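The values are calculated or read from the model by the stated rules, or taken from the named source; none is laboratory data. Keep in mind it's a predicted model, so treat the numbers as computed, not measured. A quick note on method: Cβ atoms are made from the backbone with ideal geometry, for glycine too, and the neighbour counts reach across all protein chains shown. Please note that ligands, DNA and RNA were not included when accessible areas were found on the heavy atoms of the full protein model with its side chains. Shrake-Rupley method; radii C 1.70, N 1.55, O 1.52, S 1.80 Å.
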Amino acid sequence: MCDKHQLPAAPAEAQTSRRRRIWELGHTCHCPLVGVGLPLAVLRKLVGKITGGKVLADDYEIHVGTVSECGTRNKLSEAVQKELERRYAAVLLRFRAAKCSEQLAELWRAAVANGDVAGAFWAGLTHPRCTTELEERMCRDLHMIQHQAGACVRADLNRFNSTLEENTRQAREIVRLQQRSAAVQLERTAEQEQQASQLMQLRAQLVGRDSIIDSLRSELEQLRSSIPGLETRERLAQRLSQTDERERLLRNQVAELRRELNLAQAQLQAQAQDATLNAALAAEAPPQAPPVVEHIMKMPVSLNERSVLCVGGRSGNVATYRALIERVGAQFAHHDGGLEDNANKLEASLAAADLVICQTGCISHSAYWRVKDFCKRTGKRCVFIDNPSISSLQRGLEELTP
């Protein structure tokens with residue numbers, strides 16, 4: 001409860017229950033009240049409405065003129081009074097609860113602490129319990145608040161300017177990045193279009209190639225069907241190729257045999273020369289006892305129940321070969337020397353035979369050397385016949401049989 005005896009004496013007008021009007025306030029209150037209570041745009045609108053035309057004065061001139069007009073009651077001061085009452089009606093309702101100047105001062109201090117002073121300044125100045133000391137204190141507080149607000153505004157303005165510069169810089173950077181992104185996107189789009197075009201060309205080429213291949217296959221089938229006996233000709237061509245290869249091997253074999261023959265003839269000539277020289281020396285030397293001569297005789301071979309392997313020869317004479325060999329009581333086996341039979345089976349046939357007859361005229365070069373090497377390693381008897389005729393085979397068998 002307010003203690004009336006402790007309150008300073010209030011002016012007579014402050015003890016009434018009627019709120020004061022703006023023209024009833026002190027002149028020192030008009031400037032801060034107009035500056036804080038009404039935005040410049042609202043103030044310019046009020047002045048224009050009262051003057052009935054467009055206001056050409058600047059903000060400072062409008063503010064000074066309005067403050068001057070608020071000292072008396074006129075159309076402009078009444079308009080300002082009405083606008084302040086409308087704008088701060090809620091604050092006026094809250095301040096109406098104050099029953100003494102101390103409660104009014106407490107409401108003002110709370111408004112200052114909350115930073116909402118515009119409505120509180122108007123409600124406090126016009127309150128019936130506002131004393132001269134409280135009015136002066138409110139003007140001082142508002143003056144300092146304006147100084148602080150100005151400093152804050154300047155700081156905010158500096159921050160705003162720096163933020164604006166940073167925003168401008170970032171905007172330029174964003175524009176640059178957008179331009180770069182657009183350029184990269186254009187390059188990628190062009191590259192994708194080029195790749196798509198190349199892919200379409202390759203697909204078209206592939207389709208054309210497949211069409212050409214199908215056409216060539218169809219034409220080949222037609223040509224094959226139009227040529228009579230094509231398969232027979234192909235087999236004959238293959239046989240001819242095999243015959244040429246066989247002839248080449250035989251020529252190589254003949255050349256090898258000729259070299260061996262020439263070497264043997266050279267050795268025989270050397271032996272003959274040595275024999276002539278020894279005879280001449282023996283005629284000059286004193287007679288000696290005759291040397292012991294060891295006779296090596298090629299004994300006939302019994303073919304009864306023996307296995308004879310015939311390697312090579314003409315395929316049409318195999319039946320006659322079999323009849324000749326079985327006539328002497330032997331068992332016949334044949335291998336064509338790698339022409340049609342598997343060459344890997346030759347080793348097994350050689351191992352199973354007791355006697356080998358190799359017809360060198362109708363055998364591959366590789367088979368000839370394999371037969372010769374096998375018989376040399378194992379000591380197996382082997383008869384080489386140059387001519388693959390039936391008579392040559394018969395003479396070879398007559399030499400072997402007792």
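A few remarks follow.
- Here residue 373 and residue 270 are evaluated by their C-beta separation; at R0 = 45 Å the FRET efficiency comes out at 0.95.
- Of the whole protein surface, residue 168 contributes about 60 Å² of accessible area at a 1.4 Å probe radius.
- Karplus-derived 3J(HN,Hα) values for region 17-32, using 6.51 cos²θ - 1.76 cosθ + 1.60 with θ = phi - 60°, are 9, 8, 6, 7, 8, 5, 6, 8, 7, x, 5, 5, 8, 5, 4, x Hz; glycine and proline are entered as x.
- Against the criterion of solvent-accessible heavy-atom surface with a 1.4 angstrom probe, 135, 24 sort, most first, into 24, 135.
- Gained length - residue 148 relative to residue 391, 0.36 nm times residue gap less alpha-carbon distance: 73.4 nm
- Taking all protein chains as shown and a probe of 1.4 angstrom, residue 214 keeps an accessible surface of around 90 Å².
- Within the straight-line cut-off of under 16 Å between alpha carbons, the aspartates and glutamates reachable from residue 45 are 58, 59, 61, 69, 78, 83, sequence neighbours fewer than 8 places apart in one chain being disregarded.
- Solvent-accessible area of residue 78 with every protein chain in place, 1.4 Å probe, in Å² to the nearest 10: 80
- Close amide-amide hydrogen proximity is noted between residue 310 and 333, 334, 335, 357, each under 5 Å apart and 5 or more residues distant or on a separate chain (H modeled in the peptide plane; Pro and chain starts excluded).
- At full extension, residue 94 and residue 60 could sit 9.0 nm farther apart than now, given 0.36 nm per residue minus the alpha carbon distance.
- Residue order for 112, 67 - accessible surface, 1.4 angstrom probe, largest first: 112, 67
- Residue 175-residue 195 FRET efficiency (beta carbon distance; Förster radius 30 Å; 0.05 resolution): 0.50
- Per-residue packing, averaged as other Cβ atoms within 10 Å, sorts the ranges 311-323, 44-56 into the order 311-323, 44-56, beginning with the highest.
- Cβ-derived FRET efficiency at R0 45 Å, residue 223 paired with residue 254, nearest 0.05: 0.60
- Sequence-distant aspartates and glutamates (8 or more away, or on other chains) whose Cα lies within less than 16 Å of residue 345: 336, 373
- Exposure ranking of 160, 384, 332 by accessible area [1.4 Å probe, largest first]: 160, 384, 332
- Region 33-66 and region 156-227 have Cα centres lying 64 Å from one another.
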